Structures are given as structure tokens and as C-alpha cells.
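These notes concern the structure reproduced below.
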Amino acid sequence: MFRRWLHLPMVAALLLAVLGHAQAPAPGLGEIQAPLVGVRNLGKGQLICLLYQKVDRVDADVRKAWRVQTVRPTARDLLIRFEAVPAGEYAVAVFHDMDGDGKLTTNFLGVPQEDLAISRNAKGGPLGGPTWVDVKVQVSGRVLQLQPMVMRLLYD
């Protein structure tokens with residue numbers, strides 16, 4: 001019986017080493033945390049969260065996004081997380097897809113009709129969404145906390 005107890009610390013150390021290694025993030029990968037504030041119409045529709053790599057303009061087009069995830073709008077303030085992001089430049093856009101069609105609803109002029117938030121709280125102009133220079137953030141292999149992104153109709 002005494003011999004069994006001698007092996008327990010060794011087994012425990014091995015188990016911790018294996019579990020710790022399995023949960024360690026891959027080298028060179030970071031995480032983007034985007035605080036989202038001012039979400040309206042809680043419980044309705046979905047928030048479509050877009051992570052972009054280099055684009056000319058960030059116009060909340062799902063087809064141009066590098067990574068897409070959806071979140072239920074359950075609170076006025078939420079934290080959107082993009083994990084396992086390689087080092088580089090990115091931009092984040094989130095829109096409240098109220099009608100569930102998976103696209104940002106716009107009017108006949110292309111002006112968004114659903115709430116929208118973009119990294120660095122950048123606004124678009126008459127030619128579309130904000131330019132890359134206005135929205136990009138740098139990920140360097142660790143957690144990057146963006147400034148709070150305010151949900152609103154950006155083109156009011």
C-alpha cells in the first residue's frame with residue numbers, strides 16, 4: 001500500500017503536465033477582445049461579428065471577412081472574442097442582423113439600416129465603410145483589448 005502512495009505524486013505531476021500542455025495557446029497566436037456597448041433590441045436577431053484581414057474598406061460584408069461568428073444579443077454590453085489569431089493587422093465589425101438574412105440591411109443608397117460597430121469606432125463616408133487605415137489594429141501574439149465599440153446606426 002505504501003508503494004501506491006509513492007506513485008501518486010508522479011502520476012499527478014504527469015497528468016498536470018499533459019493537461020497544461022493541451023491548454024497552452026499555440027505560439028504566435030493571439031486573441032482579439034472587442035467590448036461591444038449599446039446593444040439594443042435584446043433577444044432579437046443575431047450579432048454577426050466579422051474579423052477582417054487587409055481590405056480597402058470595412059463595409060460589414062460577410063463575404064470579405066476572414067472569420068465570422070454569431071452571438072445572441074443577450075445584454076447591452078458584451079465581449080466579442082476572436083481566438084487563435086496569427087500576428088498581423090486586423091479590423092473588427094459587428095452588425096445586428098435583425099431580419100436574420102445574414103447580411104447588413106441597407107436602403108437603396110447603401111446606407112445601413114441595422115446597428116453597426118467597427119473597430120476604433122470609425123465611421124464610413126459617402127463612398128462606403130471606413131478605410132483600412134481608420135480601422136486596423138495590430139495583433140502581436142497575445143491578448144489585444146480593443147477600445148469599446150459602440151453599436152449605432154453609423155451613417156445617421
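Any read-out appearing in this document is the output of simple, stated calculations on the displayed coordinates, not a laboratory observation. For clarity, every value in this text was computed on a predicted model and none was experimentally measured. Here the Cβ is made from the backbone with ideal geometry for all residues, glycine too, and neighbour counts use every protein chain on show.
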| request: Report the local net charge at Val139: Lys and Arg +1, Asp and Glu -1, summed over other residues whose C-beta lies under 15 Å from its C-beta. | output: +3
| query | So, by mean Cβ neighbours within 10 angstrom, what's the order for 125-137, 71-83, 100-112 with the highest one leading? | reply | 125-137, 71-83, 100-112
| request: Starting at the first residue of segment 124-132, write each ³J(HN,Hα) from the Karplus equation 6.51 cos²θ - 1.76 cosθ + 1.60 with θ = phi - 60°, in whole Hz, x for Gly and Pro. | output: x, x, x, 9, x, x, x, 6, 4
| task | Would you mind computing, in nm to one decimal, how far apart the modelled labels at Lys64 and Leu42 are, each placed 7 Å from Cα along Cα→Cβ? | result | 3.3
| Looking at the square roots a ≥ b ≥ c of the eigenvalues of the Cα gyration tensor of segment 42-129, which shape do they give, rounded for a/c under 1.5, prolate if a/b is larger than b/c, or oblate? | oblate
